[in-house]
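The values are calculated or read from the model by the stated rules, or taken from the named source; none is laboratory data. Because the structure is a prediction, the values reported are computed rather than measured. Don't worry about glycine lacking a Cβ; one is built from the backbone with ideal geometry, like all the others, and counts go over all protein chains shown. Surface accessibility is based on the protein's heavy atoms, side chains included, excluding ligands, DNA and RNA. Shrake-Rupley method; radii C 1.70, N 1.55, O 1.52, S 1.80 Å.
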Amino acid sequence: MIVFENVTKMYGNNVGIENVSVHIDKGDFVFLVGPSGAGKSTFIKLILKEICEDKGRILVNGMDVTRLSNRQIPKLRRSIGIVFQDFRLLPNKTVEENVAFAMEIIHASRRAIRRNVPQVLNLMGIGSKAKKYPHELSAGEQQRVAIARAVINNPTVLIADEPTGNLDPDTAWDIMQLLDQINRRGTTIVMVTHAKDIVDRMGKRVIAIDKGRIVRDDKAGLYGYYEDEDAHSFFCKPGGVFNNHVY
Amino acid sequence: MFIRGIGHAIKQAFIQIFRNRAMSFASLFSITAMLLILGLFFILIVNVSVITESAKKQFDTIQIYLLDETDRATAVRMIDELSKMDGVAHAWYLSKDDAMAEYKMKWGDKAYLLDGFAENPLPNSIRVKLSDLEKSDAVVEKARTFQGIEDIKYYKTAVDKLLKITSYIRMGALVIILSLVAVSVVVVANTTKLTVLARAREISIMKYVGASNWFIRGPFLVEGMLIGFISAALSAALIALVYHKIMELFGTDMFLMFSVRMVPAAFLVENLIMIFAALGICIGAFGSIISMRRFLDT
Ligand SMILES: Nc1ncnc2c1ncn2[C@@H]1O[C@H](COP(=O)(O)OP(=O)(O)O)[C@@H](O)[C@H]1O
Ligand SMILES: [Mg+2]
């Protein structure tokens, strides 16, 4: 569960996000969309307490993030799984070590690690790659490892910052299936993306941000409406990995 | 949980030391060099202290020469009075014959030279052994008031000078040791910072996954302490070797001018190992904690 109440974050004179209020329930699947510089990363960094808000209140998994001390940050982050566009795997660790690493951090027993890691890798469809190093895997496989690492400690929330940004359309869709599967098992998912076709095809909740404000929040929405000419020309720039990718 | 955390830190520390051989070696080298220089000053301090102590022992006796006409009974009364004083360990009578015997003993095989005297030129005397050098002035003052004494011999200025010099040496060496410790912490911190920098990405990932600061710091801390400990063993061994060689070459005579012996190697090395181990481990630990501070802010 993620709650923002009138949250404002400024970077000097730049607006990060301004007076944002939003309520994301447990088990929701939310797409966070908006042009570059809209405040999406700011929103995510606030959830992880990588940065502190100037005003307002933030609740994540029942914790008042606004009041969390530095010592309590690890506890917050352990209840949140995170996946990045660039995977962020440790290059000198094998696939299973990369995933086990997330369990070592919470001081899991060796037995639990030996039991859970292969299980999760199988679930992600990369059970056979356990002994390989990240550079020996395809991009899609690397992202699966990253997702395995993000979910191995059973986080309540999974945050994905453009997880399909570096993937071809088919692989991207496979990853979306995986995320959907994780979501159906009860994990809240917040995903930042520019992939119009994915958003439209999934039919999940869409929160659109622009210039630091929430401009739209649809229960089962589409990526954009192009009701204004500026936005239309922005979204319809050619290029990108998807044929009908709008950014 | 705690034990498992330590186990993880130790395992990771060994892996890190091995993976960053060059860095580890650089740290090892700088701590060892520091400890070696430090060790030399330590040896200096110890020897100076021993010299002072034994010099003090030689100068802790006041000799009161008596006139020939002063009889034994008067002398005994003086001894009684001196013995009652603060800072006096022991006072006794030394007849001129005993004094001569003492000289002959000291001069050893050249004692025959003393046989040339027709008559014993030495006076009867009282010797006062001090337990507290600070009280010497009072004792000397007291002795001056006695009737029937010829002279009082006490090497106060020599003692004072010696004490002053040795305290300067000790202070100087201490200042140098402290600055060396500070310098080596900085050196280790900077060496470790390079390793930490090389692993900044890994550290940031660890923080995303929810690692506590101590979990991240642990391996670096153990690594620093381990390298510090190895440096300590290395430099203690080197110093022991050098010290042994010096003793072999010059023997303990080298310091006979102070009529004291050099501190025996075994004693010194034993203490040095303890001090080096403590210092090395602390330098390593502080170095790595300092170098990580910036990375663990958020
Ligand atoms: N560290 C920073 N310092 C100054 N301005 C920043 C910083 N981070 C983000 N911003 C500004 O805040 C706004 C929102 O940025 P961000 O949240 O990164 O947007 P998005 O992730 O949607 O592209 C932008 O105008 C950006 O320039
Ligand atoms: Mg961004």
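For the range B:1-29, name all the residues that are farther than 15 Å from B:Glu223 by Cα and in a helix (DSSP H, G or I). Let's see the steps before the verdict.
Let us first name the residues in the range B:1-29 that are farther than 15 Å from B:Glu223 by Cα, namely B:1-4.
Those that are farther than 15 Å from B:Glu223 by Cα and in a helix (DSSP H, G or I): B:Phe2, B:Ile3, B:Arg4.
Open to solvent by less than 40 Å² (accessible area, probe 1.4 Å), touching a helix residue (DSSP H, G or I) at 6+ places or on another chain (Cβ under 9 Å) and modelled with pLDDT under 85, is that true of B:Val88?
Numbers: open to solvent by less than 40 Å² (accessible area, probe 1.4 Å): yes; touching a helix residue (DSSP H, G or I) at 6+ places or on another chain (Cβ under 9 Å): yes; modelled with pLDDT under 85: no.
No.
For A:Lys93, state whether it is more than 16 Å from ligand 2 (Cβ to nearest atom), away from chain B (no Cβ under 14 Å) and touching a residue at least 40 places away in the same chain (Cβ under 8 Å). Don't jump to the end; show me each part of the working.
On the way: more than 16 Å from ligand 2 (Cβ to nearest atom): yes; away from chain B (no Cβ under 14 Å): no; touching a residue at least 40 places away in the same chain (Cβ under 8 Å): yes.
No, not satisfied.
Taking the range A:81-98 only, how many residues are open to solvent by 10 Å² or more (accessible area, probe 1.4 Å) and either among the β-branched types (Val, Ile, Thr) or part of a loop (DSSP other than H, G, I, E, B) (or both)? Let's see the steps before the verdict.
The first filter runs over the range A:81-98 and keeps only residues open to solvent by 10 Å² or more (accessible area, probe 1.4 Å), leaving A:82, A:84-89, A:91-94, A:96-97.
Then keep just the ones that are either among the β-branched types (Val, Ile, Thr) or part of a loop (DSSP other than H, G, I, E, B) (or both); that gives A:82, A:85-89, A:91-94.
Residues that pass the stated criteria total 10.
Being among the hydrophobic types (A, V, I, L, M, F, W, C), touching a residue at least 24 places away in the same chain (Cβ under 8 Å) and within 11 Å of chain A (Cβ to nearest Cβ) is the filter here; which residues of the range B:209-224 pass it? First the steps, then the outcome.
So in the range B:209-224, the residues among the hydrophobic types (A, V, I, L, M, F, W, C) come out as B:209, B:211, B:214-216, B:220-222.
With the extra rule that they be touching a residue at least 24 places away in the same chain (Cβ under 8 Å), the set shrinks to B:214-216, B:220-222.
Correct list: B:Trp214, B:Phe215, B:Ile216.
So which residues in the range B:190-207 are among the aliphatic types (A, V, I, L, M) and open to solvent by 30 Å² or more (accessible area, probe 1.4 Å)? Full working, then the answer.
Looking only at the range B:190-207, we keep the residues that are among the aliphatic types (A, V, I, L, M), and these are B:194, B:196-198, B:200, B:203, B:205-206.
Once the filter is applied, which keeps residues that are among the aliphatic types (A, V, I, L, M) and open to solvent by 30 Å² or more (accessible area, probe 1.4 Å), the range B:190-207 yields B:Leu194, B:Leu197, B:Ala198, B:Ala200.
Looking at (1) open to solvent by less than 40 Å² (accessible area, probe 1.4 Å); (2) in contact with a Leu (Cβ under 8 Å, 6 or more places away or on another chain); (3) without any contact (Cβ under 8 Å) to a residue 60 or more places away in the chain, which is the only condition A:Thr193 fails?
If we test A:Thr193 against (1) open to solvent by less than 40 Å² (accessible area, probe 1.4 Å); (2) in contact with a Leu (Cβ under 8 Å, 6 or more places away or on another chain); (3) without any contact (Cβ under 8 Å) to a residue 60 or more places away in the chain, just (3) comes out false.
Would you mention how many residues in the range A:23-34 are more than 7 Å from ligand 1 (Cβ to nearest atom), more than 11 Å from A:Thr187 (Cα to Cα) and open to solvent by less than 30 Å² (accessible area, probe 1.4 Å)? Outline the logic, then answer.
We begin by selecting, within the range A:23-34, every residue more than 7 Å from ligand 1 (Cβ to nearest atom); these are A:23-33.
From the residues that got through so far, the ones that are more than 11 Å from A:Thr187 (Cα to Cα) too are A:23-24, A:30-33.
Within this subset, residues satisfying the condition of being open to solvent by less than 30 Å² (accessible area, probe 1.4 Å) are A:24, A:30-33.
Counting residues in the range A:23-34 that are more than 7 Å from ligand 1 (Cβ to nearest atom), more than 11 Å from A:Thr187 (Cα to Cα) and open to solvent by less than 30 Å² (accessible area, probe 1.4 Å) gives 5.
Which one of the conditions (1) within 25 Å of A:Thr193 (Cα to Cα); (2) surrounded by 17 or more Cβ atoms within 10 Å (Cβ to Cβ); (3) of a type in the set (Val, Ile, Thr) does A:Ile51 fail to meet, given that it meets all the rest?
(2)
Can we say A:Arg205 is surrounded by 18 or more Cβ atoms within 10 Å (Cβ to Cβ), among the basic types (Lys, Arg) and away from chain B (no Cβ under 14 Å)?
Details: surrounded by 18 or more Cβ atoms within 10 Å (Cβ to Cβ): yes; among the basic types (Lys, Arg): yes; away from chain B (no Cβ under 14 Å): yes.
The answer is yes for A:Arg205.
Pull up the range A:99-121, narrow it to residues that are facing chain B (nearest Cβ under 9 Å) and assigned to a helix (DSSP H, G or I), then point me to the one that is surrounded by the most Cβ atoms within 10 Å (Cβ to Cβ). Break it down stepwise before answering.
In the first step, residues of the range A:99-121 are kept if they are facing chain B (nearest Cβ under 9 Å); the result is A:101-102, A:104-110.
Still in the running and assigned to a helix (DSSP H, G or I): A:101-102, A:104-105, A:110.
Working: A:Phe101: 21, A:Ala102: 27, A:Glu104: 20, A:Ile105: 22, A:Arg110: 12.
For the range A:99-121, the residue satisfying everything is A:Ala102.
How many of the residues making up the range B:135-180 are in contact with a strand residue (DSSP E or B) (Cβ under 8 Å, 6 or more places away or on another chain), within 20 Å of B:Ser54 (Cα to Cα) and open to solvent by less than 50 Å² (accessible area, probe 1.4 Å)?
Total satisfying the criteria: 2.
Pull up the range A:1-21, narrow it to residues that are more than 15 Å from ligand 1 (Cβ to nearest atom) and surrounded by fewer than 22 Cβ atoms within 10 Å (Cβ to Cβ), then point me to the one that is nearest to the other protein chains (Cβ to nearest Cβ).
So the first thing to find is which residues in the range A:1-21 are more than 15 Å from ligand 1 (Cβ to nearest atom), and the list is A:1-3, A:5-6, A:21.
Checking which are surrounded by fewer than 22 Cβ atoms within 10 Å (Cβ to Cβ) leaves us with A:1, A:3, A:5-6, A:21.
Working: A:Met1: 18, A:Val3: 21, A:Glu5: 23, A:Asn6: 24, A:Ser21: 25 Å.
Top of the filtered list is A:Met1.
From the list B:Ile79, B:Ile62, which residue is part of a strand (DSSP E or B) and either free of Cβ contacts under 8 Å to residues at least 40 places away in the same chain or not assigned by TED's automatic domain parsing to the domain that holds B:Ser291 (or both)? Before the answer, list the steps.
Details: B:Ile79 fails: part of a strand (DSSP E or B).
Result of the check over B:Ile79, B:Ile62: B:Ile62.
So which residues in the range B:15-28 are more than 14 Å from chain A (Cβ to nearest Cβ) and touching a residue at least 40 places away in the same chain (Cβ under 8 Å), if there are any at all?
Step one: of the range B:15-28, the residues more than 14 Å from chain A (Cβ to nearest Cβ) are B:17, B:21-28.
Once the filter is applied, which keeps residues that are more than 14 Å from chain A (Cβ to nearest Cβ) and touching a residue at least 40 places away in the same chain (Cβ under 8 Å), the range B:15-28 yields B:Ile17, B:Met23, B:Ser24, B:Ala26, B:Ser27, B:Leu28.
Consider the range B:91-134. How many of its residues are open to solvent by 100 Å² or more (accessible area, probe 1.4 Å) and in contact (Cβ under 8 Å) with a residue 24 or more places away in the chain?
Total satisfying the criteria: 1.
Quick one: which of A:Gly56, A:Gly62 is touching a helix residue (DSSP H, G or I) at 6+ places or on another chain (Cβ under 9 Å), on the phi > 0 side of the Ramachandran plot and surrounded by fewer than 21 Cβ atoms within 10 Å (Cβ to Cβ)?
Working: A:Gly62 fails: touching a helix residue (DSSP H, G or I) at 6+ places or on another chain (Cβ under 9 Å).
A:Gly56 is the lone residue from the list that is touching a helix residue (DSSP H, G or I) at 6+ places or on another chain (Cβ under 9 Å), on the phi > 0 side of the Ramachandran plot and surrounded by fewer than 21 Cβ atoms within 10 Å (Cβ to Cβ).
Is it the case that A:Glu50 is more than 26 Å from A:Asp218 (Cβ to Cβ), free of Cβ contacts under 8 Å to residues at least 40 places away in the same chain and away from ligand 2 (no atom under 16 Å from the Cβ)?
Against the criterion (more than 26 Å from A:Asp218 (Cβ to Cβ), free of Cβ contacts under 8 Å to residues at least 40 places away in the same chain and away from ligand 2 (no atom under 16 Å from the Cβ)), A:Glu50 does not qualify.
Of the residues A:Ile126, A:Ile147, which is open to solvent by less than 40 Å² (accessible area, probe 1.4 Å) and either over 24 Å from A:Gly27 (Cα atoms) or facing chain B (nearest Cβ under 10 Å) (or both)?
Values: A:Ile147 fails: either over 24 Å from A:Gly27 (Cα atoms) or facing chain B (nearest Cβ under 10 Å) (or both).
Only one candidate passes the filter, namely A:Ile126.
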